[in-house]
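For reference, the structure I am asking about is given below.
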Amino acid sequence: MAWNLIVNKVKTERERFAGPLVISGLVGAGLLLLVVLYPEKSLLKLLGNQEVSSPAQRRYLESLLRLRSGDNDLVLVLARSYLASKAPLQALETLDQLREPLTAEARKTSRSMRYEALRQRLLSLPTGSSEWNRNRQLFAGQIELMLQEGATRTETEAYRADAGRVGDSVTARRLQTLLTPPPTPAPLPAASKPATPASSASAAIARRDYRGAAAIYFADMRKSRDMRQRRQLFLSGVRTLQSGNLMAEALAAGESYINGLADDRETLLFMSRLALTANRPDRSQFYIRRALGMSAANGGAS
């Protein structure tokens, strides 16, 4: 009987040894040992390995970031660790801690990591849900930023493939359009009539060259002295960009070429609707006030 009591006592002591406090102490001691054995830069390089995504690694990085808030290099290392462990939401929240100014390399890396986090996030959400739609817009915007930075054709093809995988057919079609070179126009027959601006624009639209078609309308608009014709060419140019789903460019072009039509009520109302479509309610309100003859500053009559 005494022998059984001794065995049970030893067993109980072993179970207590494996308690949560002891395990936490061992983990903390391990992290402390890492700090002692490795210089900080070497340790961050070790933890920055994309294949490393252990909870102990992240706990160390999170603790270190709390001590060194504003360390952009450390933020990128921690965000990479979250991406490796398929935790996109935590990666996005970590990237939000980046502080300006960023180096060109850090900015490029952060945009690439944000793109990957949004891709993972879309794959984890029900397609078509409100949260999915919100992240899809962020995903498309991130692709647009990287295209503006000069993404290669290979990178653009990868973005198109990823957009298709996450169910973003709108972005996938837009990227496919960018990747498809316009066909070489057939030479005009010798006896054919000279092309008019409308026919040239129609030919450009047939090639899905919406920017080129809009440029033709705007160029012809500059030459016209007739108000009605100028308005018609202006509307045709802006609507052409809209038909190519280039909403932001349509609004920018409208504001750039509205000179001479800035007091035309029909044009102002059209610009108000266009601004709403481009998600710019502030500009929409400006054009509505202008169309009603009100001051944009205080809302009073002009």
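Throughout, read-outs are computed from the coordinates displayed, never taken from laboratory work. Because the structure is predicted, anything quoted here is derived from the model rather than measured. As a convention, Cβ positions derive from the backbone with ideal geometry for all residues, glycine included, and neighbour counts pool all protein chains shown.
At a 10 angstrom cut-off on C-beta neighbours, averaged per residue, how do the peptides 59-66, 235-242, 162-169, 223-230 rank from highest to lowest?
235-242, 162-169, 59-66, 223-230
Under a crude label model (7 Å from the Cα following the beta-carbon direction), how far is ARG99 from ASN245 in nanometres?
Here the answer is 4.0 nm between the modelled labels.
Determine, from the Cβ-Cβ distance of LEU269 and GLU131 and an R0 of 41 Å, the FRET efficiency 1/(1 + (r/R0)^6), rounded to the nearest 0.05.
Calculated value: 0.70.
Hey, another quick one. Give me the extension gain from SER85 to THR180: residue separation times 0.36 nm, minus the current Cα-Cα distance, reported in nm with one decimal.
In short, 30.6 nm is gained.
Just want the ordering: MET113, MET146, from fewest to most Cβ atoms lying within 10 Å of their own Cβ.
MET146, MET113
For SER124 and THR196, compute 0.36 nm times the residue count separating them, minus their Cα-Cα distance, and round to one decimal in nm.
Length difference between fully extended and current span is 20.8 nm.
Moving on to the next point. Multiply the residue gap between SER112 and THR154 by 0.36 nm, knock off their C-alpha separation, and tell me the result in nm, one decimal place.
The span from SER112 to THR154 would gain 13.7 nm if fully extended.
Right, next: What order do you get for PHE234, PHE270 when you list them from fewest to most C-beta neighbours inside 10 Å?
By the 10 Å Cβ count, ascending: PHE270, PHE234.
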